[in-house]
Amino acid sequence: MSASTGNPAAPSKGRFDIWDILIKFAIILFSLACLLPFLHVVSKSMSADSFVIANQVFLWPKGFTLEAYSKIFADASILRSLYISVIVTVMFTVLGMVLTICAAYPLSRAQFKGSRVITFFFLFTMYFSGGIIPDYMNINNLGLMDTIWSLVLPLSFSAFNLLIMKTSLTSSIPVSLEESARIDGAGHFRILWSIVIPLSKPIIATLSLFYAVGRWNAYQDALFYIKHATDLRPLQLKLYYLVIQASESFQLEATTVTLSNPEVLKASVVVFATLPILCVYPFVQKYFVQGTMLGAVKE
């Protein structure tokens with residue numbers, strides 16, 4: 001009787017793995033939990049009022065109509081708010097990444113003395129802050145009320161993103177590479193521009209997405225800081241006023257959007273505000289996966 005060859009502990013190729021099935025099933029459930037509510041909102045935005053009022057719309061439009069979207073696009077003030085949101089998001093993201101890179105690069109270098117102390121000060125701000133009232137008083141005293149800079153400057157730096165960027169630079173940029181550049185006569189700015197930034201495209205794209213999504217979805221600061229300059233109201237604040245107006249049945253915002261059913265308005269403005277950021281995500285998805293994995297494995 002011949003002895004069997006091979007590793008007995010190794011699983012066979014066609015072996016049934018219950019954990020693999022459970023993990024895939026859990027991922028499918030989580031994916032559906034994220035996708036189905038959005039499909040429901042899209043279906044409501046494209047359905048007739050009568051079907052929405054009767055709660056007959058689930059995952060497929062009934063009485064298909066684009067009346068809600070046509071009325072939204074016919075309102076010049078909403079398109080103006082969309083333009084403001086795009087400008088603010090671009091400025092906010094660019095400024096945030098410049099500040100993050102310029103702060104993370106020196107803190108990631110071992111030869112920079114006091115980097116741990118400075119990093120602790122940044123980390124401290126993640127747990128303790130002044131609050132809404134001091135922030136409002138600060139913006140008011142600086143004369144930034146009713147200006148576009150009140151939406152760009154206050155939140156343009158994130159200590160959380162700084163720590164992610166610092167960790168990424170520490171693990172992905174070898175010290176020997178920087179030393180060889182110094183031997184060739186490169187300075188700090190040359191190393192940052194020619195070596196660090198090109199090698200950090202995945203994490204830069206990831207953090208840029210974080211900054212852009214955070215700014216795009218924010219409306220509370222605009223609610224506080226933009227009072228009289230109605231032409232500077234971003235899209236999220238404009239839609240917030242429209243939803244409140246439709247729900248409470250009184251005039252809060254000068255607009256030409258009039259729908260018989262507030263639920264249709266809510267659904268259409270949610271889709272209208274979500275689509276722009278969804279169109280950006282596919283272009284940075286590959287960098288997003290790479291950026292989140294940087295520093296996860298130590299060799």
Candidate set: segment 136-162, residues that are out of contact with any Gly (no Cβ under 9 Å at 6 or more places or on another chain) and hydroxyl-bearing (Ser, Thr, Tyr); chosen: the one least open to solvent (accessible area, probe 1.4 Å): 150
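Results for (1) more than 21 Å from residue 273 (Cβ to Cβ); (2) out of contact with any Phe, Trp or Tyr (no Cβ under 9 Å at 6 or more places or on another chain), shown as yes or no for each residue.
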position	(1), (2)
17	yes, yes
22	yes, yes
29	yes, yes
32	yes, yes
38	no, yes
41	no, yes
46	no, no
51	yes, yes
62	yes, no
Given (1) part of a helix (DSSP H, G or I); (2) assigned by the TED database to the domain that holds residue 216; (3) more than 26 Å from residue 226 (Cβ to Cβ), number of the condition residue 90 does not satisfy: (3)
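Residue by residue, here is whether (1) charged (D, E, K, R); (2) exposed (fewer than 14 other Cβ atoms within 10 Å of the Cβ); (3) free of Cβ contacts under 8 Å to residues at least 60 places away in the same chain; (4) in contact with a Ser or Thr (Cβ under 8 Å, 6 or more places away or on another chain) holds:
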{"site": "22", "(1), (2), (3), (4)": "no, yes, yes, no"}
{"site": "40", "(1), (2), (3), (4)": "no, no, yes, no"}
{"site": "48", "(1), (2), (3), (4)": "no, no, yes, yes"}
{"site": "54", "(1), (2), (3), (4)": "no, yes, yes, no"}
{"site": "68", "(1), (2), (3), (4)": "no, no, no, yes"}
{"site": "107", "(1), (2), (3), (4)": "no, no, yes, yes"}
{"site": "129", "(1), (2), (3), (4)": "no, yes, yes, no"}
{"site": "134", "(1), (2), (3), (4)": "no, yes, yes, no"}
Test: residue in segment 184-198 that is of a type in the set (S, T, N, Q) and crowded, with 16+ Cβ neighbours inside 10 Å: no
Enumeration of residues in segment 72-90 that are open to solvent by 60 Å² or more (accessible area, probe 1.4 Å) and of a type in the set (D, E, K, R): 80
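The values are calculated or read from the model by the stated rules, or taken from the named source; none is laboratory data. Remember, predicted model here, so these are calculated numbers, not experimental data. Heads up, the Cβs are rebuilt from the backbone with ideal geometry, glycines too, and the neighbour counts pull from every protein chain shown. The protein model used for the area step is the full one, side chains on, heavy atoms only, and it has no ligands, DNA or RNA in it. Shrake-Rupley method; radii C 1.70, N 1.55, O 1.52, S 1.80 Å.
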